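The values are calculated or read from the model by the stated rules, or taken from the named source; none is laboratory data. All of these numbers come straight from a predicted model, not from anything done at the bench. Counting neighbours? That spans all protein chains shown, and the Cβs are built from the backbone with ideal geometry, glycine included.
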Amino acid sequence: MKKSNVGTYLAKRGISRRSFLKYSSAMASLLALPSTAVAGFTNQFLKAKRPSVIWLSFQECTGCTESLTRSHAPTIEDLIFDIISLDYHHTLQAASGEAAESARQQAMEDAFGDYYLIVDGAVPAGETAVCSTISGRSNLDLLQETIQGAKAVIAIGSCAAFGGLPAADPNPTGAAGVSELMERGEIEQKPLINLPGCPPLPVAISSVLAHLVVFEGFPALDDLNRPLSIYAKTVHDRCSRYHFYENEQFAERFDDEGARQGWCLYKLGCKGPTTHNACAVVKWNQGTSFPIDSRIQEGAQLYEENCVYCHSFDPTDFKTAPDKIADLLRSGDIRSHSRLQFSEDQLTILEKYLEESQ
Ligand code: SF4
């Protein structure tokens, strides 16, 4: 099947070169390409042929697909469906059972030896392989067959990469990740890239696909087959609470003064020091936040739900100091604000938000 190049396809969809350059720069940045290489990267990208992709979903929660599809348009995460030719996707397609099976066979036949295989979800193997089937065939069986015509495999999410939750002890379904199945010789060895995360960052998926399209190869990988530019550092290395960690200011409980002040969550079980990912810099919801920053988001929500009816949408427009605002609200002296019933906790969060917004 003849595929159009990325530039022609985007032009047909009304996406300008200028807006594409913005997306392309974000992807290049996550891939740690030098700024001087962005223009060349974009040009090559627009000329490149849209690669065929077959996406198989196994034992998973659909979070990896949701991660791509639930973003606000237009973003890189939406563009992923323009950049690639997504010829088969277990979760997004309307077909099921035998119709789905023949769609997969057709997609394989059309681009045999030339498609990328994306896998999300762990794969039940061994005697328990029958725990998950499609059209009567086990996930392992489908993977064994589909991998034969793949140019390379991209394991998306912690389950596909390393087994994830389905493989947690006692692992009743004998679930394993793609790399383990390759090591055990249960599926064919192919070039493999792992993009762990639960779910992985959408831009990690699109930037890796962009790299494959432009350079026809993987970016530099670590010993677990993860892109170094995304996974070399931990969340802890780039966390907004890191200065509290260095100053040994730790929250001891989720409702203590340290938690209200936004101190480090290490003593509450934070796994940031051992989690390799770029969430702290890329963030979620169009760069709004990530879980460790959620306290700050709570402040923004309180502001938007209560203050913007009379005050500016921009909290920096306040002329009064944040602590004075909170104190005024505490005192109950402003009659026009008597309808607002903030708890002491909420006032502290709001005060912190206004302070950090200045
Ligand atoms: S909150 Fe977690 S990731 Fe952030 S500095 Fe503390 S331990 Fe590190």
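Annotation note: of GLY258, GLY287, the sole residue that is assigned by TED's automatic domain parsing to the domain that holds HIS337 and within 25 Å of LEU68 (Cα to Cα) is GLY287.
Scanning region 256-282 for residues that are assigned to a helix (DSSP H, G or I) and within 12 Å of the ligand (Cβ to nearest atom) gives GLY258, ALA259, TYR266, LYS267, LEU268, GLY272, PRO273, THR274, CYS279, ALA280. Applying the criterion of being in contact (Cβ under 8 Å) with a residue 24 or more places away in the chain and within 20 Å of CYS61 (Cβ to Cβ) to the residues of region 90-101, the residue that is farthest from the chain's Cα centre (by Cα) is ALA100. The residue of region 207-238 that is modelled with the highest pLDDT, among those that are among the small types (Gly, Ala, Ser) and assigned to a helix (DSSP H, G or I), is SER229. Flag not set for ILE325, criterion: in a helix (DSSP H, G or I), touching an Asp or Glu at 6+ places or on another chain (Cβ under 6 Å) and either under 30 Å from SER229 (Cα atoms) or among the β-branched types (Val, Ile, Thr) (or both). Applying the criterion of being assigned to a strand (DSSP E or B) and surrounded by fewer than 19 Cβ atoms within 10 Å (Cβ to Cβ) to the residues of region 1-52, the residue that is modelled with the lowest pLDDT is ASN5. ASP223 satisfies every condition listed in (1) loosely packed, with under 14 Cβ neighbours inside 10 Å; (2) touching a strand residue (DSSP E or B) at 6+ places or on another chain (Cβ under 9 Å); (3) in the same structural domain as GLN59 (by TED's automatic domain parsing); (4) not polar (S, T, N, Q) except (2). Of all positions in region 297-311, at least one carries a residue that is in contact with a strand residue (DSSP E or B) (Cβ under 8 Å, 6 or more places away or on another chain), at negative phi and within 16 Å of the ligand (Cβ to nearest atom). Could you list, ordered by first residue, the pairs with Cβ atoms under 7 Å in which the first is in region 127-141 and closer than 14 Å to LEU181 by Cα and the second is part of a helix (DSSP H, G or I) and of a type outside the set (A, V, I, L, M), at least 6 apart or interchain? Pairs found: none. Within region 239-255, not a single residue is more than 9 Å from the ligand (Cβ to nearest atom) and in a helix (DSSP H, G or I). For region 250-275, name all the residues that are closer than 21 Å to LEU354 by Cβ, surrounded by fewer than 16 Cβ atoms within 10 Å (Cβ to Cβ) and not charged (D, E, K, R). Within region 250-275, just GLN261 meets the criteria. Scanning region 238-288 for residues that are hydroxyl-bearing (Ser, Thr, Tyr) and over 16 Å from GLU298 (Cα atoms) gives TYR242, TYR245, TYR266, THR274, THR275.
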